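Participant: Structure incoming, see below.
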Amino acid sequence: QVALVESGGGLVQPGGSLRLSCAASGRTFSSYTMGWFRQAPGKEREFVAAIARSGISTNYAVSVKGRFTISRDNAKNTVYLQMNSLKPEDTALYYCAAGTYYIANAETNYDYWGQGTQVTVSS
């Protein structure tokens, strides 16, 4: 069992930066693949980024590659999403998730989900 709590969302201008955090409960954090997903109103939830248990392997959606960076600190039970060069299209509710296997973009691979944190990019 693991509980996930996201934080760090907010309102930023286009071109700005934001760092999201996801804190996990328990001592089994290092056993999970961690991912970030997002969902905008009226749209399906989409994959953003994922990181393997070791932190060595990462994967990104083409829409965010080069702008977003996922990282994890297993000692702190925390995963991060550094978001740079933000665009209005990035506006969404961002969720972190924990999964059993490293199948990065498959929602069915993730067993635990946070409550989400809102990111709004607007001038």
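The values are calculated or read from the model by the stated rules, or taken from the named source; none is laboratory data. Just so it is clear, the model here is predicted, and its values are computed rather than measured. All Cβ positions, even for glycine, are placed from backbone atoms using ideal geometry, and neighbour counts span all protein chains on display. Ligands, DNA and RNA are excluded from the accessible area calculation, which covers all protein heavy atoms including side chains. Shrake-Rupley method; radii C 1.70, N 1.55, O 1.52, S 1.80 Å.
Participant: Among the aspartates and glutamates, which fall within straight-line cross-link reach of Lys87, defined as a Cα-Cα distance under 19 Å, with same-chain neighbours fewer than 8 residues apart omitted?
Facilitator: Qualifying aspartates and glutamates at Cα under 19 Å: Glu44, Glu46.
Participant: For the chain, which whole-number percentage of the solvent-accessible area (1.4 Å probe, protein heavy atoms only) is attributable to carbon and sulfur atoms? Before the final figure, lay out each step's value.
Facilitator: Numbers: 3020 of 6340 Å².
Result for the chain: 48 percent of the exposed heavy-atom area is carbon or sulfur.
Participant: Round to a whole angstrom and tell me the spacing of the C-alpha centers of the range 1-69 and the range 74-111.
Facilitator: Each part reduced to its Cα centre gives a spacing of 2 Å.
Participant: With both bridge residues required to lie in the chain, what share of the DSSP beta bridges run antiparallel, to the nearest 5%? It would help to have the intermediate numbers written out before the result.
Facilitator: On the way: 37 of 40 bridges.
If we restrict to bridges inside the chain, about 90 percent are antiparallel.
Participant: Note down the net charge around Phe47, summing +1 for each Lys or Arg and -1 for each Asp or Glu among other residues with Cβ under 9 Å from its Cβ. Each step should come with its number before you reach the end.
Facilitator: Details: positive: Arg38, Arg45; negative: Glu46, Glu107.
Net charge in that neighbourhood comes out at 0.
Participant: Tell me the per residue accessible area of the chain using a 1.4 Å probe; a whole number in Å² is fine.
Facilitator: On the way: 6340 Å² over 123 residues.
In whole numbers, the chain has 52 Å² accessible per residue.
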